[in-house]
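Report on one structure; see the data block that follows.
The values are calculated or read from the model by the stated rules, or taken from the named source; none is laboratory data. Everything numeric here is computed off the predicted structure, so don't read it as measured data. Cβ placement follows ideal geometry from the backbone for every residue including glycine, while neighbour counts extend to all protein chains displayed. Surface accessibility is based on the protein's heavy atoms, side chains included, excluding ligands, DNA and RNA. Shrake-Rupley method; radii C 1.70, N 1.55, O 1.52, S 1.80 Å.
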Amino acid sequence: MSALAEPIATDLAPRGPFRLDDGDAYQRWRERKLREYPRTVDELIVEVRDPRRLTHEERTALSERFRRANMAVYAGLGAADDKEIPRALGRQFGLEHLDANWLADDDGISSIEVHGGQPRSEFTPYTDRPISWHTDGYYNSVERRVRSLILHCVRPAKQGGENALLDHEIAYLLLRDQNPEHVRALSAPDVMTIPARCDEQGVARGEQAGPVFLVDPASGRLHMRYTARTRSICWRADAATRAAITCLESILSSSPLVLRTRLQMGMGLLCANVLHNRSGFVDAPQARRRMYRARYRDELQFC
Ligand SMILES: [Fe+2]
């Protein structure tokens, strides 16, 4: 990776809305962001005939949602159970490099459904339990961060399985409005540490320390790494970090800008790894909830 591609803290970013001492750029950006941000998830939904082959109009409509909210929800009209859907859809937005974690299927796309057997049953995504707020791959190294995500619904649960969503740029904005020091604290390169994960063979994944907010120097886009879980995570032990985390938790639990959706068969979320959670759910006996999840190292490219 070239030095240019190294992520940088928000207080060192190129001049623009994500730099703390560039108040003018921030105010201009803030005003537009709040004006354009959707107030309900319906504003994010684009009906598409076939997500594998979008028309120019469909692609433009999805791009317009990304520009406003870093996410879009597509509603495909055809068959839903095809891994080619997330893969081909991603390609149309420049997503090529999958981040295949060790529980992903061989093709790098994960089938998320309730698993009775080890080792998946030890991990909350493969259960029917709720998942707290996070961005995907928060435990990855900064260099291997997940920049984009597709979550495609093959079959919804009988009950529950709703996702709450918040554009990470809105989280940044609300934190900065409360106190710019919250942004500074969450941009520290060692603010969040994920301890090593060990298995019988030893260390399966090393300890990962990194910032919550960072800016990609090539694209100038803001990225976020975060988990609300309290086990297996160490926050920097200082008052500024504690205050910032408390403020973020309060935003996630009460902001009217949090959007909620329950993806139906053939629908999916295509996003710049925005903040999200999942409620618990109940499966029908013979028809388990199934999502295909594709995580990418690439940023979304849109028109
Ligand atoms: Fe996730």
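Filtering segment 75-98 for residues that are away from the ligand (no atom under 15 Å from the Cβ), more than 25 Å from Phe213 (Cα to Cα), without any contact (Cβ under 8 Å) to a residue 60 or more places away in the chain and not in a helix (DSSP H, G or I) leaves a non-empty set. For segment 265-299, the set of residues classified as within 16 Å of the ligand (Cβ to nearest atom) and either of a type in the set (Phe, Trp, Tyr) or not in a strand (DSSP E or B) (or both) consists of Ala272, Asn273, Val274, Ser279, Gly280, Phe281, Arg289, Tyr292, Tyr296, Arg297, listed by residue number. Of (1) small (Gly, Ala, Ser); (2) in contact with a helix residue (DSSP H, G or I) (Cβ under 6 Å, 6 or more places away or on another chain); (3) at pLDDT below 95, Ala185 satisfies all except one. Which? Here Ala185 meets the rest and fails (3). Only one of the numbered conditions (1) modelled with pLDDT of 90 or more; (2) crowded, with 16+ Cβ neighbours inside 10 Å; (3) small (Gly, Ala, Ser); (4) within 16 Å of the ligand (Cβ to nearest atom) is violated by Ala104, and that is (1).
Yes or no: Thr40 open to solvent by less than 70 Å² (accessible area, probe 1.4 Å) and over 27 Å from Val258 (Cβ atoms)? Even if it seems obvious, please write down each step before you answer.
Values: open to solvent by less than 70 Å² (accessible area, probe 1.4 Å): yes; over 27 Å from Val258 (Cβ atoms): no.
No: the conditions fail for Thr40.
Against the numbered list (1) assigned to a helix (DSSP H, G or I); (2) open to solvent by 20 Å² or more (accessible area, probe 1.4 Å), Leu62 comes up short only at (2). So, of the residues in segment 112-126 that are buried (at least 17 other Cβ atoms within 10 Å of the Cβ) and in a loop (DSSP other than H, G, I, E, B), which turns out to be farthest from the chain's Cα centre (by Cα)? Restricting to residues being buried (at least 17 other Cβ atoms within 10 Å of the Cβ) and in a loop (DSSP other than H, G, I, E, B), the top hit is His115. Within segment 185-220, the set of residues being in contact (Cβ under 8 Å) with a residue 24 or more places away in the chain, not basic (Lys, Arg) and not in a loop (DSSP other than H, G, I, E, B) comprises Ala185, Leu186, Met192, Thr193, Ile194, Ala204, Gln208, Gly210, Phe213, Leu214, Val215.
What are the residues in segment 223-263 that are in a helix (DSSP H, G or I) and more than 18 Å from Ser187 (Cα to Cα), if any? So that I can check it myself, show each step before the final result.
If we filter segment 223-263 for residues that are in a helix (DSSP H, G or I), which is where we start, we get 239-254.
Ser250, Leu252, Ser253, Ser254, listed by residue number.
Those residues that are in contact with a Lys or Arg (Cβ under 7 Å, 6 or more places away or on another chain) and free of Cβ contacts under 8 Å to residues at least 40 places away in the same chain, I need them from segment 103-139; list them, please. Correct list: Leu103, Asp107, Tyr126. On the stretch given as segment 242-253, residues that are open to solvent by less than 80 Å² (accessible area, probe 1.4 Å), closer than 22 Å to Gly160 by Cβ and among the hydroxyl-bearing types (Ser, Thr, Tyr) total 0. Scanning segment 204-231 for residues that are among the hydroxyl-bearing types (Ser, Thr, Tyr), at pLDDT below 95 and surrounded by 12 or more Cβ atoms within 10 Å (Cβ to Cβ) turns up just one, Ser219.
Restrict the check to segment 2-22 and report whether at least one residue is among the polar types (S, T, N, Q) and more than 21 Å from Val154 (Cβ to Cβ).
yes
Would it be correct to say that Ala239 is more than 18 Å from the chain's Cα centre (by Cα), open to solvent by less than 20 Å² (accessible area, probe 1.4 Å) and aliphatic (A, V, I, L, M)? Reasoning before the result, please.
On the way: more than 18 Å from the chain's Cα centre (by Cα): yes; open to solvent by less than 20 Å² (accessible area, probe 1.4 Å): no; aliphatic (A, V, I, L, M): yes.
When the stated conditions are applied, Ala239 does not pass them.
Only one entry in Ser141, Ser132, Ser148 is within 16 Å of the ligand (Cβ to nearest atom), among the hydroxyl-bearing types (Ser, Thr, Tyr), farther than 20 Å from Arg290 by Cβ and surrounded by fewer than 21 Cβ atoms within 10 Å (Cβ to Cβ), namely Ser132.
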